[in-house]
Every structure is written in C-alpha cells, then in structure tokens.
Amino acid sequence: MKNIKFYIETIGCQMNVNDSDKMAEVLSEKGCLRTQDMSQADIVIVNTCSVRFSAEHKAYSLLGRLKEQKDINPDLIIGVTGCMAEYAAKEIKSRCKYVDFVLGAKKVDLFSETVSKYISVQPESKYKQENSEVFKYITIMRGCSNFCSYCIVPHVRGPEVSIDYNQILKEVNETIDAGTKEIILLGQNVNSYNYNGVNFTQLLQKISQIDKVQRIRFMTNHPKDFSDELIDEIATNKKICRHIHLPLQSGSDNILKAMNRKYTYEQYKNLYEKIKNKIPDINITSDIIIGFPGETDSDFQDTFNASRQLQFGGLFIFKYSPRPKTYAAKLKNTVPLETIKKRHTLLLEDSNIISKNINEKYIDKTIEVLVENVNDGIAEARNSQNIKIFFDTKENLKGKTVNVKITKVLPNSMSGILQ
Ligand code: 5AD
Ligand code: SF4
C-alpha cells in the first residue's frame, strides 16, 4: 500500500503558515507524506485568508485549477480551511461543489477528526516527519478584539484569546529539541498577550530561559499596546531579534481615527523614537493602507511625509480593500481606484529608496546571519534585523550561524561573501 501524499497551499499571513504546519503534522502522524508538487497529491488543503480581496481571488483561482485535477483524478480529496472557510463556507460549497470539506479557522482543532473521514489508516501510521526547520512559527494567541474599522479578522477569528504559556513552552521545547534555532511568536497583537497574569514581556523571558533557543522573533505589534517594559526587555535580551514590525497604517490623524487605531501620528512617532533611542540597532518595519474611505490628497501627503520622517527599514503598502462585515465597508466616501494606484506607486517608489539607503550602511560590513536554506549553491539567510541575505556556498550550512561580508544591497535583501 503506498503512502497518501498531501499538499498544502498557504495563502495570506504567518498565522496561516502556523496552522498549515499544524495540519501537516496531523497528516504526517497519520502516515501521509508531504509533497511540494500539487499535481502529485492525493489530498490538497487550501488554507485561505480573507484580509484582502486579492487573497480570496487567489483561493478561487487555485480551486479552479484543482477542479481540472479532480476531473482527471476523481479520488482527489480537496479541503478548504482558514478565514475564508470560516465566513464564506456556503459560497465555497456552492461555487466549488467538488470540494470535499470546508473547515473554518476557528475549527482548526477539528482538522484531525475531519480529515480522518477521508483517509484510511496508513502503513507507517507511527511515522513522524523529522522536524529540521531552522525557524518555527508558534501561535501564542488567537483572534483579535481591536476592531480596526477596515479589518475582517475580529469578525472571522473571534475575540482575542491568549494561549496557556505552559502549552507554548512545551511547544517551544519540542521544536527546539528537534533542532529549530529560531522561534517566531505569532498573534494579531502579541503586545496584549496575557495568560493568568503572565504578560508578553514575561512570556519572552520564560522562552529565552530555554537554553537552546537561539533567536526569538514575534509579530505583529500594535502601537497602542507596546509597553516601556517590552522595549527594555528587547534592549537587554540578546536572544530577541533586532526587528519590530509596527504597523502605522496612516500618517493622518483623521484617517487613524476613522480606522479606529486608537493612536495619533504624534503618539506613534514618540513610541518609534523611544524604541530607536533605547535599541539603536533595531530595524522597524511597518504596514500602510492606501485609499481608506475619505483619504484626501492632504491625508495621503501626511502618510508620505511620515514615511520620509520615520525612515522605515521596510514598508508593506496595501491598497484598501473593502471587506464584508467591517464598519469601513459601509462608508460611502470611497477613493477612486486610479487615485489609490497613483498614491500606492508614489509611496512604494519613495519607500524603496529609503529602505535601500538604510541597507547601504551594511556595505563592506561583516555581519552574523542564520542560514535558513541552501539551494543550488546559494544560501538564503537572515540577520537579526530580519533582512534576507544571499551568498554562494558549497557547504550545507542550513541551521548554522555564519559571518557574511555584504557586497550588494537592494530595498528588501542583500548579498555578500561568506567569511
Ligand atoms: N484592506 C487593505 N489592507 C488591509 N489590511 C488589513 N485589512 C485590510 C484591508 N481591508 C492590512 C493592514 C494590516 C495587514 C496585515 O493587512 O495593513 O496591518
Ligand atoms: Fe485587524 Fe486591527 Fe486586529 Fe490587526 S489589530 S487583526 S488590523 S483588527
């Protein structure tokens, strides 16, 4: 009897990568084998996202391709999971009748039970895939209670719930024992983590006490909840990477208010400067939404100026996408798509120049990087600041910390020579 092969397509954010990892573990424990080639799979899981319309579009086009695959192989099992599966289950089932099961993000715990209905016990059911990942995402909280007015997450993932730190520590210990070097803690707003009085800073302290943990990262942050205590912890705890993703969303106070972000630009700037002063080698990156309803030329100019003033190491710029159930989707004063595109291009071009200039300081410097992968003689690594670094090597350095002299920089990556 041959092993069942499974393929998981992850759409959207890192929260989904972690859920995909969990589903892969369940399937591996059942004796199935993971494949990176969708056309070879007996089971395909499409783990969806609904934060922007483009993610939904991607899911439906993949499901379209899967229909063709199922026409050729009627035994193919197709499952849809994640955020879109949570709120649009009916639509998915009616648009894609060939899908076998739809399991929403809140019900990820039922994955094992659900998938068992479609697969028989496998020959090596004790088989567990060896964990040789260099970094591992670990979810520390689910849901969100912030209700930013544009965001679908609180509506589909429900209110914020922190996970028991004992369970988190167990997961960290297991993955570290299996060889993982870097832990990436995940939550929609990790700064408000609280389980039985243990806050996020205390959780970081507990994790960093585990000897073999080499690096800790976390995302994402909310400026309204980023405490002084946390800044001090990052400044003094060398295991915590020098990178903070701190979404600004807009540089205009009017828009920030309409977005229900609960801070002004001035407050954000003060926090940003405090972090930079206390942790000089920190890399701060951010998210911006362009074209929120009512965004005037002057509001956009405020955002553009903010990007110039703050000099982010990297900026993710999203075109506003109205999402069902959100407050903002009801607003009538929408910004024309042409205007959104123009503003998007202006900010993107400018922020790329800024990020590249910031990276220029690395030229000719030798820095420490952790190697994540080596493919065809090219190593892919990351420094503490979360910048991707490429270099040539003949050795299999995966999981090793090495020194690289930087010779070339781009806005979002660098390359160099192994020392
Ligand atoms: N439209 C565009 N971007 C959005 N984001 C969240 N919701 C929307 C939306 N409706 C962006 C925010 C958030 C990032 C993960 O996605 O910038 O920080
Ligand atoms: Fe969405 Fe705001 Fe929650 Fe982030 S903090 S998930 S943007 S509601």
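Tabulated results
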item: Ascending count of other beta-carbon atoms within 10 Å, so fewest first, for 228, 100, 109; result: 109, 228, 100
item: For region 36-53, Karplus couplings with θ = phi - 60° (6.51, -1.76, 1.60), whole Hz, Gly/Pro x; result: 9, 10, 4, 5, 8, 7, 9, 10, 10, 10, 9, 8, 9, 9, 10, 4, 10, 4
item: Contact order normalised by residue count of region 267-324, Cα under 8 Å, 6+ apart, percent; result: 48 percent
item: Value of [θ]222 nm, deg cm²/dmol, for the chain, DSSP H segments ≥ 4, -39500 (n - 2.57) each, nearest 500; result: -11000 deg cm²/dmol
item: Spacing of the two label points (7 Å from each Cα toward its C-beta) at residue 173 and residue 339, in nm; result: 5.7 nm
item: Rounded D (µm²/s) - region 20-101, Kirkwood Rh over Cα pairs, Stokes-Einstein at 25 °C, 0.890 mPa s; result: 185 µm²/s
item: For region 378-419, Kirkwood radius (reciprocal of mean inverse C-alpha pair distance, Å); result: 10.4 Å
item: Rounded to 5, the percent of DSSP beta bridges in the chain classed as antiparallel; result: 35 percent
item: Cysteines in the chain lacking a second Cys C-beta under 4.7 Å; result: 13, 32, 49, 83, 96, 144, 241
item: Residues 415, 50, 298 arranged by fewest to most Cβ contacts within 10 Å; result: 298, 415, 50
item: Overall dimensions of the chain by Cα: Rg and Dmax, Å; result: 22.2, 66
item: All lysines inside 17 Å of residue 97 as judged from Cα atoms, apart from same-chain residues fewer than 8 positions distant; result: 67, 70
item: Candidates 166, 196, 18: whichever shows maximal mean-square fluctuation once the chain is modelled as a Gaussian network with Cα springs under 10 Å; result: 196
item: In Å, descending, principal axis extents of the Cα set of region 138-242; result: 41, 28, 24
item: Reachable lysines from residue 408, criterion Cα separation under 16 angstrom, eight or more residues apart if same chain; result: 356, 361, 365, 388
item: Kirkwood Rh in Å, taken over all unlike Cα pairs in region 58-214; result: 18.4 Å
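All of the numbers you see were taken from the coordinates with simple rules; none came from a lab. This structure is a prediction, so every number in the text was calculated from the model and none was measured. With ideal geometry, Cβ positions are generated from the backbone for all residues, glycine too; neighbour counts draw on all protein chains shown.
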